[in-house]
Structures are given as C-alpha cells and as structure tokens.
1. So in region B:3-174, what percent of DSSP beta bridges are antiparallel if you round to the nearest 5?
2. Scan region A:205-304 for GluC sites (Glu not before Pro) in coil per DSSP, keeping those whose Cβ has at most 15 other Cβ atoms within 10 Å, and list them by number.
3. What is the average number of partner chain Cβ atoms found within 10 Å of a Cβ in B:69-77?
4. When a/c is below 1.5 the answer is rounded, else prolate if a/b is larger than b/c, else oblate, so apply that to region A:3-251 with a ≥ b ≥ c taken from the square roots of the Cα gyration tensor eigenvalues.
5. At a Cα cut-off below 18 Å, give the aspartates and glutamates reachable from A:K265, other chains included and same-chain residues fewer than 8 away excluded.
6. If you put a point 7 Å past Cα along the Cβ direction, how far is that point for B:Q329 from the same point in each other copy, in nm, smallest first?
7. Helix-only mean residue ellipticity at 222 nm, chain A, DSSP H runs n ≥ 4 weighted -39,500 (n - 2.57), per residue, nearest 500. What is it?
8. I need the calculated FRET efficiency for the pair B:V107 and B:Q55, taking r as the beta carbon distance and R₀ as 30 Å, to the nearest 0.05.
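FYI, it's all coordinate maths here, none of it is from the lab. Everything quoted here is computed from the prediction, not taken from an experiment. Reconstructed Cβ throughout: ideal geometry from the backbone, glycine too, with neighbour counts over all protein chains shown.
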Protein chains: 2
Amino acid sequence: MALIVQKFGGSSVADAASIKRVAKRVVETKKAGHDVVVVVSAMGDTTDELIDLAQQVSPLPPTREMDILLTAGERISMSLLAMAIHNLGVEAKSFTGQQAGVITDEVYGKAHIIDVTPSRIKDTIARGEVAIVAGFQGVNPSTNDVTTLGRGGSDTTAVALAAALKADVCEIYTDVDGVFTADPRIVPSARKVDRIGYDEMLEMAASGAKVLMPRCVEYARRYDVPVHVRSSFSTHTGTLVTNQEDPSMEQPIIAGVAHDRSEAKITVVGVPDVPGKAARIFEVVAGAGVNIDMIVQNVSAAATGLTDISFTLPASDGAKATSALTADQPTIGFQSLQYDDTIGKLSLIGAGMKSHPGVSAKLFAALSEAGINIEMISTSEIRISVVTRADSLDDAVRAVHTAFDLDAEETEAVVYGGTGR
Amino acid sequence: MALIVQKFGGSSVADAASIKRVAKRVVETKKAGHDVVVVVSAMGDTTDELIDLAQQVSPLPPTREMDILLTAGERISMSLLAMAIHNLGVEAKSFTGQQAGVITDEVYGKAHIIDVTPSRIKDTIARGEVAIVAGFQGVNPSTNDVTTLGRGGSDTTAVALAAALKADVCEIYTDVDGVFTADPRIVPSARKVDRIGYDEMLEMAASGAKVLMPRCVEYARRYDVPVHVRSSFSTHTGTLVTNQEDPSMEQPIIAGVAHDRSEAKITVVGVPDVPGKAARIFEVVAGAGVNIDMIVQNVSAAATGLTDISFTLPASDGAKATSALTADQPTIGFQSLQYDDTIGKLSLIGAGMKSHPGVSAKLFAALSEAGINIEMISTSEIRISVVTRADSLDDAVRAVHTAFDLDAEETEAVVYGGTGR
C-alpha cells in the first residue's frame, strides 16, 4: 500500500465523460489498496474562456482579480470529480489550494509556493477518503487572498503536495506515453525513456521538451519526489523521473534530443568595443523583464573598433527587448538592431557526456554531414545546444538522433506501434 | 454621504456588456460621494449550466461538493465586475462570502446566515475602495467549507451585509421599477408603490409577488434595514421597503393584490371524524418535508361520521405529499385522495385593514360580481387570501384591484407608459 498523488490536466477533465473516466481510474487505484490524492486543472478551455471574458471588460485587469477569476476553473473540475468518484461508491472531498495548505508569496498570476501544510488532506486520507486538490492555486497568507502559480502550476502543486505528504510517487498523467528521446512527431523512431535523472529532465524541459515544466522538475529534485510521467489513455508504465544517484539506474551517455522553436535572435550591430558596453546591453534587456538564453560576441574589427553582439530570447519578448534597446541607443552607441525569429534550437542532453569526451565533436560532425549550418553554440555540463535555421531544425534533430544511436530498432518500433506500449 | 449596499442579480450581469453597465452605475454612485458595497449573483445561466454538469457526472451529488461547484459562479461575476470598475478608474476589490465574513450553519445547499463579521469590507470602504461581495454564499466555520444560501440567497446576503455594516440603504436592482399594486402583466393599470412596510411586503412576497423573497424581507425587518427595490435599467426611484412605524409614512388601507399559481390542493376524502386524525394527516405531510398553506375541513356528515379535509401546498411537493399520505392510509383510514393543481390564489394585503372593518365583505362582493367562485379562504391580520380556479385568477385580480381603487388614473398610466418612469 502506497500513498500516490495523481495529477490530471485540463484535457483529461475536458467534459463530463472525461471526468467520469478519470474518476474510474482514481477508484481503481484506491481499490488496489493505495491512498490517493488527486490534483486537477481546470476543464479543457475554461481558463482561456475566462481570460477572454476578462479582456472584454478590461484591457489591463488587476492581477488579484484575475487570480480570483481563474481559480473558478479548478473549483468546477474538482467538485465534479469528487461527485463522479462518490458516484462510484468511494468517498471523495475536494479542496481549494488554500484549504489544502498551499501557501504562496503574494505575486498574483505567478506566485511561488513557500510552504505546504496539508493537514486537511492528511485527515481526509486517514478517514480512507480520496482527497482532490485544485492545482495551479494557493493562498497569500498576509491577506488570505487566492493566488495562481502561473504556467505549469498544476504539475508544481502535485509535486509540492507529494513532497509535503511524503508520497511514494507523484503520477503526472498526460496525452503521451512518457518522456521520449526526441519528439516522436519529428523522429518517428524515437524511444520512450524508462528512467531519467532530475538534472537531465530539467535540461530537457528547459530545452523545449514540453512534457514537464522545468519548475516542476526543480521542485521534484529539491525534495527528491519520484515523478511518474504516464498516459491517461493507457495503464502502461511511463517514464520515471528520479534521483540520478540511484545505484539501480543504468546511465546511458545521451538521454535525448530536445528542440525549441519559440526563440528569436537579436543582433546588436556596431557596438563600440570598449568595457561596459556589453554589460549595459544586458542590463537594459534584463531591466525590461526579459530573460536571455545564448550569447555570441563577434571578434572586433580592429579597423573600426566596433563589434556585433547576438543573443537569443523568447520570441514573445522580442518587442519588449527591441524597444528597450532602441530607447537606450544613445547611451550604448550601437549602429542598428537586427531581429530574427526564424531560428531553431537543438539540444543534446545526457548526464554521461561529463565523462565521455568527443560528444560535441560527434554532434558537429553529424550536423555538418547533414548540411546544416550552426549559428550559435552553448553548453552546460550535461547539455550542448546549437542554433540553426528554423527550417532545417527537423532534419538536424533526426540526424543527431541517428548519430547517437537513439533510434529504436526496427522490431522495437514495430512492437511499440503495435501495442501502444 | 451615505453607505449604500447595491445588489445586482444574474440577469444584470449576464454578459460582459451588462457587467460594464453595472460598473458604470456603481462608479456613478461612488462619484456622487457615497461609499458602495456591491453584492452580485452568478452571471445569467451559469448556475443552471453548472447544475447540468453535475447531473451529467452524478445523479445525487454530495451537497458539500455541489456548493463548491455552484460558488464558482459568483467568483467569476464578482472578479469581472471588480475589473470593469477598476477600468473606469475606481479601485474595487472582490470578496467571497467567507472573506466578507458571512458565517452560516452547515446545511449545504440551503444554509442560514448566523453571523456577519465584515472586517475586510469595512477596511476596503475605509480605503475609499468599492467592495464587491459574492452573493448566495457563506462559510461553515466548523470546517471552513463554503456553503450556499439557497433560493433568494443573494438578496439575503445584501440585506445581511447592510445590517452588519449599518448601511443607510440596501438597493436591490431588478428588471422592474419596484413593487406594484398588482402584477402589471395582468393588471395594466397597476401602480408602483412608493413605500411599503416590512409586514406588508412580507405578506406580498409570501403570497406570490416575486420581486423580493420573504426570507430577505424578514431579515430586513429584523434588523430594520431600509430596502430600495429599483430598476437596473433606469435611475428612477423605486419602492422603499421600510419600517411601518415610520411617522412620515402615509398608510393606505390596501398595499396591493398578489397572486400565486404555484400551489396545488389535496383533498383527503372520507376521514373518520374522530380526534387525532387531522393531526395525523398534517404530521405525515410535515414528515415528508412539505409545508402546507391553507386548510379547510368540511362539516362532518352526521350519518357517516366521515369528513373531508382539503389543504394547499406547493405544487412541486405534490408527489411527495400524496405518496406519504398513501403510505399512511391504513393508519389514517381515509377513503381516497384528490389532487388538483388547477387552482389559483389571490391575496389582498394591507396594514390598514386591521383598523378598517368591511374589507373582506368588499372583497367577496367584488369576486361575486365578477362571477368568480371562492373555494378556500384564509386570513392574517393584514392579509385575506382566497383560492379560485386557475383560469379565473386573472379576472379575479383585476376585479379586486379595481374594487379597492388601486387602478392608476388614466393620465398617470399614460405618463408612466410614456417615459418608462
């Protein structure tokens, strides 16, 4: 008998029929002898519909009120799920973030969890009932107002509750079978990864793998919560995200290939090559609330004393960054700005690359053989990322996946496709 | 400068455009120098849609979860209204029933308010901001779970808050101009009543006038809260419901004619005319959770020792009452049951009838002249009610309205119709 936290996203509870399906799954887990705590998101498109309503009454709604509005979504899904479970003969009670003891800071719209005190959840489990908790929300204790956790909030709620309850595992239900060595829509021969370490998963998530948000993986790593990413449409084992130091875990050199199409590149042309100018550029961008990713500074042309500085950033922050830089042009003294949102980023991730020299050489050779030009490079201890043209990104991902022997063998691919395993 | 509680129902906040209209009205009141607390219901059909969702997942949902579900509705309307007011340049904050200090008992689905401790609302007013409070909801303090107040709940929230805040007036916005001497759809010459006492309003509401729920009027009477019933589509003065002892208030003999089509009549035929049988009948009906209204017992036929007992009850409780009585037939020993849901009830209400004899004689004469048969009669100190056939109810209301000189004069009716006053 284990204590299991199960998290279901909006698409898993999109309508009454889906909610009944989730209820059946929860009841099966409960009847197998486990204690179950369920975390749910708002139904399907509810959040988008509420945002649309807010836009209709106010172009810039106060964030406190926005959070009150959005948290109506989980009230609806959580109470309906409790009813559906009750209807199957198992007692279930739903709780808001506040009632579940999810304490946050007071940054409405993107609050951070600062503590979890789930005494009501523990009482509910002790009575043999299923506890259902609203994902994505918490309470600002200084005012007793509701807060929302921002993107990836429900996964984070689930992992935080699992940590506070010392749950045996946190199951994140999704529409894919787990974490893959690459996006199967681009690389049909991609394999499901059975186990992956927190660090590798974090790099995968930060590099564009959408199955988990970096924030949730960070939380799981900090509190050592085993996370089981699995499909809500099958009962097959998915991917276990766990401690890399686990001695039972065989470490492959490469965990997978991630890709990201959501970044853009800004090149600041003709920057005077004197100390402080680069620092000034990044101060201005940071001051606009924009996080930058990769940076390249060209070698200065001796004749002019000018250099170019390129960096990547989320394309959604492009306008903010360019207008902040333009406003500061007199101080920085650059000649012009170039903006390019037709780039792609490929990342090769693997904890084993620390102890295996030659990984980057092999990566560059594979891309070169495939005729793909590399525009920027950055590395961490367990990751190498390169920027390419957006329209050659898919070819790049396939070439690298093959070069590092990540493709499934023919038979395995067939078995996979045949049984949905 | 006054403290005004304004209550807007679901149809006043049915969509974004309506919410913006309500916001404008609130801001106008605020800018006229008053402190404003707003109570809102859920948007338009939200509650019905949520009930429908619940029915889809469970035929008998637990009441605690039902209340969690339904209270999502006011979260949405209250936060949107706060945004819309903010957008007009006035600060506004929305609060749940719990945050506003609306403490109830723990009867989910039809909780009663047991205390109101609106410290956050007072703080908000003191800061010069508009406080918006979710109607229809409170908190069960023993578990900190949300409760709903049942039918007429939002009006009751508004009056209870007005009482706790010692507000100068509680304005209930509706789709009519106020309380009328009769339903204008039946009596086109009905006049708007400028002032009415709590007792008369209570009898009107209990007798079928739908503009206010009896529960809300009772609360207002207990705490002496002046209630202003007015239209959300105009700025005209509506009807002030206030203390009858107010010396400035001229008391007409008759306040108005109410009617009710929602009742049914059960006749228990052939009841042994021995002590305890009538009591047993009403015990059985009360035990089924049904409230009865009027009762008539026929004179016993000496030859048989049997009598008939008729009573009226809400038609929606008809099935419950008849099956409870049928189950108890062996004990009561009656011969048969007759069920009739084609009845109508007319009530004449007026505090002045206490000191003016002859009111009932005039009423019966008017009905007789109009050829309307009276089936049952009941009276209180300030009300006379009669049961008629349902299809003669409209004629009865018109005849009585005219007989008691309640019809507006021609010119007044034209002015009213012409300007929407």
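1. Values: 7 of 27 bridges.
The answer is about 25 percent antiparallel.
2. Sites meeting the loop and neighbour criteria: A:E245, A:E250.
3. Mean partner shielding for this stretch: 6.
4. On the way: a/c = 1.42, a/b = 1.22, b/c = 1.17.
The shape class here is rounded.
5. Partners found: A:E283, A:D293, A:D308, A:D317, A:D340, A:D341, A:E375, A:D391.
6. Result, one decimal in nm: 9.5.
7. Taking each H run of at least 4 residues, the total per residue is -10500 deg cm²/dmol.
8. 0.90
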